[in-house]
1. Tell me, what is the percent relative contact order of the chain, built from C-alpha pairs under 8 Å that lie six or more residues apart?
2. Full-extension gain between Phe17 and Ser150, please, as 0.36 nm times their residue separation minus the C-alpha to C-alpha distance.
3. Can you list which of the DSSP-assigned H helices in the chain have a Cα extent of 18 Å or more along the long axis and an average Kyte-Doolittle score of at least 0.0?
4. Based solely on C-alpha atoms, express the radius of gyration and the Dmax of region 28-180 in angstrom.
5. What is the extension gain from Met157 to Ala55, computed as 0.36 nm multiplied by their sequence separation minus the C-alpha to C-alpha distance, in nm to one decimal?
6. Tell me what the chain gives for mean residue ellipticity at 222 nm when only DSSP H runs of n ≥ 4 count, each as -39,500 (n - 2.57), the sum divided by the residue total, rounded to 500 deg cm²/dmol.
7. Search the structure for amide H atoms under 5 Å from the amide H of Phe124, placed 1.01 Å from N in the peptide plane, and list their residues when 5 or more places away or on another chain.
8. How far is it, in nm, from the label point at Asn142 to the one at Ala69 when both lie 7 Å from their Cα along the line to the Cβ?
Amino acid sequence: MLAAAILCKSQRSRDDFLFYLFILFFALLPDSDFLFGFFTGDPNRYHHLFTHSFAFVVIAGLLGGVIYAKWRDENIIFSSAIFISAGISHVILDCLAVDRREPFGCPIGWPFSQKFVISPVLLFSDVTRSSDSSLFFPSLFNMHNLQAVSIELFVLMPVLFTVWMLRKSTGYRKTAISKM
Ligand SMILES: [Zn+2]
């Protein structure tokens, strides 16, 4: 979904570094819930709560889209759709990952439903991390997490590669048309 949105962007205008920074921000925003727990001494305390719901990422992406569109004179619907897609992609990927802490999965229907959802088929590994704020960042660097990232890259790289190839081909086509 996000890849398709980025591809669509490439057909509209030149690459925009700031735009990709915004996408990265909204793709990572659900994990801002680590910050809430970080200050209580346990970064994991509020992880996978309301920031991992569709309502949160839709509202955040919509606001981001309005701000970005006004600032950069872009289309509000287009910008919002991409930022929302970035957030939804994060939540879906988390639902496809191993979760060792109850309740398992993400509360995707919050605030309308308190049910946590996790895929019956898990494609990705979990990320081990300390529950102690002072050890949190050093604890991220270990072989298990390296393996988890490698699996995600292995699954997602073909998608990114396909998008890159499609962008290249549309770029060539546009250049050819402009020379006619
Ligand atoms: Zn997450």
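A short reminder: the numbers here are calculations on the coordinates, not readings from a lab. A quick note: this is a predicted structure, and the numbers were derived from the prediction, not measured. Glycine also receives a Cβ, built like all others from the backbone with ideal geometry; neighbour counts cover every protein chain displayed.
1. Values: 230 pairs, mean separation 39.5, N = 180.
Dividing the mean separation by the residue count of the chain yields 22 percent.
2. Numbers: separation 133, 0.36 × 133 = 47.88 nm, distance 2.53 nm.
Full extension of this stretch gives 45.4 nm more.
3. Values: long enough: 54-72 (26 Å, 1.49); 76-95 (28 Å, 1.82); 143-179 (51 Å, 0.45).
In the chain, the long hydrophobic H runs are 54-72, 76-95, 143-179.
4. In Å, with Rg to one decimal and Dmax whole: 18.7, 63.
5. Numbers: separation 102, 0.36 × 102 = 36.72 nm, distance 2.80 nm.
Once the chain is fully extended between Met157 and Ala55, it gains 33.9 nm.
6. Numbers: 7 runs with 109 residues, N = 180.
Rounded to the nearest 500, the figure is -20000 deg cm²/dmol.
7. Amide H neighbours of Phe124: Ala97, Val98.
8. Computed distance between label sites Asn142 and Ala69 equals 4.5 nm.
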